[in-house]
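The structure under discussion appears below in the form of structure tokens.
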Amino acid sequence: MEKKLSCKRCQYRKLKCSRTEPCGSCTEAGKVCEYREVDRKRRPVSAKYVMELENRVAHLEALLAETGAVSGARAALLNAPDLDNNAQGSSTQGSQHQLSPTNSINCSDNLEPGPEGSLVYHGPTSIVHTRLRQSFNTTANTDPDGRSFGQPSIDSSFEQIAEHFGITIEDELVTNALMLFFKWQYPQFMFIYREAFLRDHFSDRQNCKYWSSGLLLSVCALGLLMSTNSLHRRSSEQFFSAAETMLIVFGFTRPSIATVQAFLCLAFYEIGRGNLSKGWGFSGVAFRMAQDLGFQRDPKFWISCDTSLATTEDIEIRRRIFWGCYSSDKLISLTLGRPVYFSNDDAEVENLERLPDFPELEYWLPIGFDSQQGDFGETKPLVPCFQKQIELSRIIEQMLVTISSSSRKAQDPRAYQASLESLNMEMTRWQTSLPDCAKWNKWEPSSALLIPSVAGLHLLFHGTRIAMNFDAAVLDITEPALQNFRDHCVSSAQDITSLVRRYRSQYGLRYAPFALVYSLAQASRCMSFFGTDDEVKYLAKAMSECSSTWEIGHQLGS
């Protein structure tokens, strides 16, 4: 039987092999003819796979090196009797991100310990700068033993509140709620860093940087909205009420990353059920608290005074949380038609780097990435989609500023239309720049897999494009110069309908992301002017199906 591969000797000597056993070359040379055990060509390792392995090794090496370097530098700072003398001696020490205390004092903004012990941000004009030189203390975020402060000590209060609402933290319902959140909601709410949250949740939950009982309850409330069990869906309200109680009572006393995330979860929960003013208020609390913690500046500036930034992973997680808050701010402002809170011009946070995934997270991956769903290639689109969502959020920020300027519309309509055309070009460039793993083709067969995170990104794009062009499109239907704006609206509404049809057939609209609800509302608005009755009826039916999860759908449908 002829072999598929040449024998070892012919491969090594680059001889023509007859692929018989033994082969002609080995027989003629009187050598032993050996074949490999696996008689098939091995699939070559891709350059991207090699690069990911190298990146992971480099990340782990840097993590080990910097953990030692930062710990040593901090120990020297903590043990220094004189801050000014220590500043001279430590100028050459520490990691590449390390800042000396002197530099921090001379900066126009600082993190300064508040009354409750947590570090809070003060900008150039802050009243506390009159006493910064006297009160600066690099140990503000540590206890006397040098350990980093975690969340406020409210375990007993949490147990009382949880018991009042019939919640047990070790209950299987909590685990199910978390799994539902990370499988269906997480791609839209990347202001939570999944790996760090779960690592803290499944540890002893003491002195956690990225987990709190209030955040846990808030995440569970959102996750249970996706449950097919009606009893579990009703218990979502209990988790929300418990989280709200805990955050209102304890959340303001000491700002923290987890408190910011929890308030933002409550904001989306309230907006999703139609309590728009309350949701807007919760988001405002979250964003102001994020600024209070100095999120708007890159975390490398705070290493010298914030002991929670112990590793490069901590720095990257903080960046991820900021950009998650930034994109959430744009989604909320877009949904409610309100001004944005975080301005891209004021943000000094560096772009994201992709942290390596860990195999233990297989059961917590969003739908479309778990092993049961098949092979989607070497690049999973979750992080690339998030990076493109950040870029889209920057365009949304520009768009909201443009269309909110009523005086500009009235004084110079042509200049306003020119601004819209410029934004439309930005949107088109953004769409064409999508990586392959984040692209969607409406002409694919309906059976082609639609990954929810990819769908959510495209739905947000098309909903935004309708919102941007709609007022100009309906200004004068007979005006040919406005035809481009109408074309943008109709094209996006048709694409939203196609996306919703495929999402509905593959997953059902009970699992719709919040962006789908927004895009449905914009598509319905457009088709009521430019579409057919059948198109409007289908969109209304889809909105009704979404309302089983997002109650705001009832209000929009009526």
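Key figures for this structure:
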read-out	value
In Hz, Karplus ³J(HN,Hα) per residue of the range 432-441 (6.51, -1.76, 1.60; θ = phi - 60°; x = Gly, Pro)	6, 8, 4, x, 4, 5, 10, 8, 9, 10
Estimated vicinal HN-Hα couplings, Hz - the range 526-540 in sequence order (Karplus 6.51, -1.76, 1.60; Gly, Pro = x)	5, 5, 5, 9, 10, x, 9, 4, 4, 5, 5, 5, 5, 5, 5
Whether the range 161-273 is rounded, prolate or oblate, judged on the alpha carbon gyration tensor where a/c under 1.5 counts as rounded	rounded
Spin-label pair Asp436/Glu2, simplified geometry with 7 Å Cα→Cβ offset, distance in nm	3.3
Pairwise centroid distance, computed over Cα atoms, of the range 176-227 with the range 8-34, Å	60
Amide hydrogen neighbours beyond the local backbone of Arg36, cut-off 5 Å, H modeled	Lys8
When the range 202-248 is reduced to its Cα atoms, the Kirkwood hydrodynamic radius in Å	11.3
Ser505 paired with Ser343, simple spin-label distance in nm, labels 7 Å along Cα-to-beta-carbon	4.7
Sequence-distant residues sharing a close amide H with Val120 (under 5 Å, placed H)	Glu112, Gly114
At R0 = 22 Å, FRET efficiency that the Cβ-Cβ distance of Glu353 and Asp204 yields, to 0.05	0.15
Extended-chain gain in nm, criterion 0.36 nm per residue less alpha-carbon gap, Arg234 and Met425	64.3 nm
Point-to-point label distance, Asp471-Ile127, nm (Cα→Cβ direction, 7 Å offset)	3.9
HN-Hα J in Hz across the range 498-509 - Karplus 6.51, -1.76, 1.60, θ = phi - 60°, x for Gly and Pro	5, 4, 5, 4, 5, 4, 5, 6, 8, 10, x, 7
Set Lys183/Lys209; Lys4/Lys442; Lys209/Lys439; Lys388/Lys442; Lys300/Lys439; Lys278/Lys439 screened for pairs whose C-alpha atoms are more than 30 Å apart	Lys4/Lys442; Lys209/Lys439; Lys300/Lys439; Lys278/Lys439
Mean separation of Cα contacts under 8 Å, 6 or more apart, over the residue count of the range 170-262: relative contact order %	33
Length released on extending from Glu37 to Lys14, taking residue separation times 0.36 nm less the Cα-Cα span	6.3 nm
5 angstrom amide H check on Ser126, placed H, neighbours 5+ away	none
P(r) weight above 17 Å for the range 237-314, C-alpha pairs, percent	50
Equivalent-ellipsoid semi-axes of the range 382-533, from the Cα gyration tensor, Å, largest first	27, 18, 13
Relative packing of peptides 7-14, 251-258, 326-333, 449-456 - highest average C-beta neighbours within 10 Å first	326-333, 449-456, 251-258, 7-14
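No lab work stands behind these numbers, since they all come straight from the coordinates. Keep in mind the model is a prediction, meaning the values are calculated, not measured. Please note: Cβ atoms are built from the backbone with ideal geometry, for glycine as well, and neighbour counts cover all protein chains shown.
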